[in-house]
Structure formats: structure tokens, C-alpha cells
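The values are calculated or read from the model by the stated rules, or taken from the named source; none is laboratory data. Small disclaimer: the values here were computed from a predicted structure and weren't measured. Cβ placement follows ideal geometry from the backbone for every residue including glycine, while neighbour counts extend to all protein chains displayed.
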Amino acid sequence: MASLTNQLFERMPPPGAPVTIAEMAAALAQPNRKVVYAMDKLRIQGFAQRLQTGCYQLTENGLEARAAGKRVTSGPNGPLTGQKRGGKKTLNAKVWKALRARGKATLDDLMQLIDDRTLKDPRASAQRYLWTLAQAGYVRPLKNRRPGTAPTSNGFKVYVLLPGMNTGPMAPLYSHKHRAVVDFNVIDPATGAPQKIIIAAKNREGGAR
């Protein structure tokens, strides 16, 4: 029988679908404390990312490792501290950070800045994320494209981070559960829940070329 950590690994939703410890504990019929320990193992491996207390998501690295049949065989030594340890930032986080720093950029600009070689197709992942941000109203492609280098090129879309949408350092995430972009930088003071922006359920491949 698979260990609790690997059961959790298999049951985690794809990147962009945050889940809580309580939700996963209920799904696995295990105490919260055991799921916290298992989640910490995934986090140290770089397969899960802690968004806030008790809330996590699978990383792009975790998704690829799971698809490749990777199993978690080791975990943390010593007591859990609740602090983020190990693991690399997700591609979405790198794209968001670059957009916040530059204000506007083409997909090629972003790929040069983030230099992420951990994924099979980081360009496609960045393209999907740009499309998601555009659908949620965070970025907008400018009307005039940047000239391309090839004679037959239509040029490159330039994406600009819109005024008032630089909400903070945490990358907004697409939640499959809510069919919305969830922004943990913006918390509703009445409910304590992060902002959710519903977007159309379309093909999320996008067109950020």
C-alpha cells in the first residue's frame, strides 16, 4: 500500500487549484496532523507549494514528477516549523515577478528573464499563464506588436500589467475548483477569503505569442 505522502501526491489537484489541509485530510480519511506532515514532505521535494497557513497547491515540478511516476521516499528530519523550505519557485511565480518588475513584456522577454529549464515546455506554460492573467483583467496585450526578426513574422504581442492590478508578490492562481483566478494578495476583510475573479471556461492554451 502506498504511503500517506504518496497517496496525497496522487490526490493533489493540478497546479492552480489550491487545497487546504482539512480538505485533503477529509479526502484521505486521515487526521490533519498526519496530512500536514505528508504535505511538508512534498513541499521539501519541491512538489507542493505553501500559499498561506493550511493552504497548498501542486507545483509544475510536482505535476511533471507525478506524470513520470515519481514516488516520494524521503522527507524532513526534525520537527516541522511551518516555514517554507527547499523547492524552487513555480514558473507562474517567476512570470508574475518579471511582469511586476518590468511592467510590460513579450513572451520572449519573459522566457529570457525566468530561464526555467525544469519543465518540458516552459514556454507553453508561460503562455497559458499570460492568457489566464489577461482573462482575469491583470494584463492586456497592446494593440501594436513588437516587430519580429523573421520577414514573415507578425511580430510579438506586448503584455502590459494594468494599473491597479499589481496586487502583491504572490502570483494569482487559477483554481479549477472555483473556475476563477484566486489572488492571495487581496483578502476580503469580512470573510478572510482571498479575492476570486471568475473567468470564462474556455481553452486555457491562450494566444500569448
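Give me a count of the residues in the stretch 161-199 that are of a type in the set (A, V, I, L, M) and surrounded by 16 or more Cβ atoms within 10 Å (Cβ to Cβ).
The qualifying residues number 10.
Residues in the stretch 13-30 that are modelled with pLDDT of 90 or more, in a loop (DSSP other than H, G, I, E, B) and surrounded by fewer than 14 Cβ atoms within 10 Å (Cβ to Cβ): how many?
1
I'd like to check something: does the stretch 25-44 contain any residue that is without any contact (Cβ under 8 Å) to a residue 40 or more places away in the chain, out of contact with any Pro (no Cβ under 8 Å at 6 or more places or on another chain) and closer than 19 Å to Tyr174 by Cα?
Filtering the stretch 25-44 down to residues without any contact (Cβ under 8 Å) to a residue 40 or more places away in the chain leaves 25-35, 38-39, 41-42.
Retained after the next criterion (residues that are out of contact with any Pro (no Cβ under 8 Å at 6 or more places or on another chain)): 26-35, 38-39, 42.
Next, from what is left, pick out any that are closer than 19 Å to Tyr174 by Cα: none.
Looking through the stretch 25-44, none of the residues is without any contact (Cβ under 8 Å) to a residue 40 or more places away in the chain, out of contact with any Pro (no Cβ under 8 Å at 6 or more places or on another chain) and closer than 19 Å to Tyr174 by Cα.
Give Arg33, Arg66 a once-over and let me know the one that is charged (D, E, K, R), closer than 30 Å to Leu110 by Cβ and at pLDDT 85 or above.
Arg66
I'd like the full set of residues that are closer than 22 Å to Leu91 by Cα and either in contact with a Pro (Cβ under 7 Å, 6 or more places away or on another chain) or among the hydroxyl-bearing types (Ser, Thr, Tyr) (or both), limited to the stretch 1-24.
Once the filter is applied, which keeps residues that are closer than 22 Å to Leu91 by Cα and either in contact with a Pro (Cβ under 7 Å, 6 or more places away or on another chain) or among the hydroxyl-bearing types (Ser, Thr, Tyr) (or both), the stretch 1-24 yields Val19, Thr20.
Considering only the stretch 31-50, how many residues are in a loop (DSSP other than H, G, I, E, B) and of a type in the set (A, V, I, L, M, F, W, C)?
Residues in the stretch 31-50 being in a loop (DSSP other than H, G, I, E, B) and of a type in the set (A, V, I, L, M, F, W, C): 1 in total.
Here is a check on your reading of the model: is Leu51 closer than 16 Å to Met12 by Cα, modelled with pLDDT of 90 or more and not assigned by TED's automatic domain parsing to the domain that holds Thr167?
Here the answer is no, as Leu51 does not meet what is asked.
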